[in-house]
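The values are calculated or read from the model by the stated rules, or taken from the named source; none is laboratory data. For clarity, every value in this text was computed on a predicted model and none was experimentally measured. A quick note on method: Cβ atoms are made from the backbone with ideal geometry, for glycine too, and the neighbour counts reach across all protein chains shown.
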Amino acid sequence: MRKRKNYPGEVRVLGTKDYGLILGSLMSYRNQLLRENDPFKLAFIIKKMAEKLQELDYKHASELTLSKLGMKELNGTYSITDKRKEDVVNIANRYWRMGKKKHEAAKLKIKNSELKQQSKLSSKKSTKKKTEVLEA
């Protein structure tokens, strides 16, 4: 059996496609949260958002998001008020922006390092050709 590359809750690497997908899913959950009114679905979405924040390496934001669930009632639902819902949306927005900035910077850094490696390889090839021409 093939081992999974990443498990839910594991921190993802900045600048990778996987990190970008997690950022996108965080915003998707935020949009679902804005539309939803069912307390069971709200609790599920908030838990998933906390998981995504943890995968983006925002542990404190993840714990803060989970704390917005409130106390679990006897019937198994959570008492999620509109204020708490807005707080979770604001947390998601803030950390999405921060994650997006870090992700873009890491992508540029990776791209620049690849370009430097390519230029080094091409300069080595050109000097090798020049020495061959001079020897002949």
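The figures follow:
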{"item": "Any hit, the range 80-90, residues being in contact (Cβ under 8 Å) with a residue 40 or more places away in the chain, more than 22 Å from VAL13 (Cβ to Cβ) and in contact with a Gly (Cβ under 7 Å, 6 or more places away or on another chain)", "result": "yes"}
{"item": "Qualifying residue in the range 117-127 (condition: surrounded by fewer than 16 Cβ atoms within 10 Å (Cβ to Cβ), in contact with a helix residue (DSSP H, G or I) (Cβ under 9 Å, 6 or more places away or on another chain) and either small (Gly, Ala, Ser) or closer than 20 Å to ILE45 by Cα (or both))", "result": "no"}
{"item": "Close pairs from the range 96-125: first of a type in the set (A, V, I, L, M), partner modelled with pLDDT under 90, Cβ under 6 Å, at least 6 apart", "result": "ALA106/LEU14; ALA106/GLY15; ILE110/GLY15"}
{"item": "Within the range 27-63, considering residues that are more than 20 Å from LYS83 (Cβ to Cβ) and basic (Lys, Arg), the one surrounded by the most Cβ atoms within 10 Å (Cβ to Cβ)", "result": "LYS52"}
{"item": "Hits in the range 18-72 (condition: of a type outside the set (S, T, N, Q), more than 12 Å from VAL89 (Cα to Cα), without any contact (Cβ under 8 Å) to a residue 40 or more places away in the chain and not in a helix (DSSP H, G or I))", "result": "GLU36, ASP38, LEU69, GLY70, MET71, LYS72"}
{"item": "Single condition ARG94 does not satisfy, out of (1) assigned to a helix (DSSP H, G or I); (2) surrounded by 14 or more Cβ atoms within 10 Å (Cβ to Cβ); (3) charged (D, E, K, R)", "result": "(2)"}
{"item": "Total residues in the range 10-45, condition out of contact with any Asp or Glu (no Cβ under 6 Å at 6 or more places or on another chain) and over 21 Å from LYS100 (Cβ atoms)", "result": "9"}
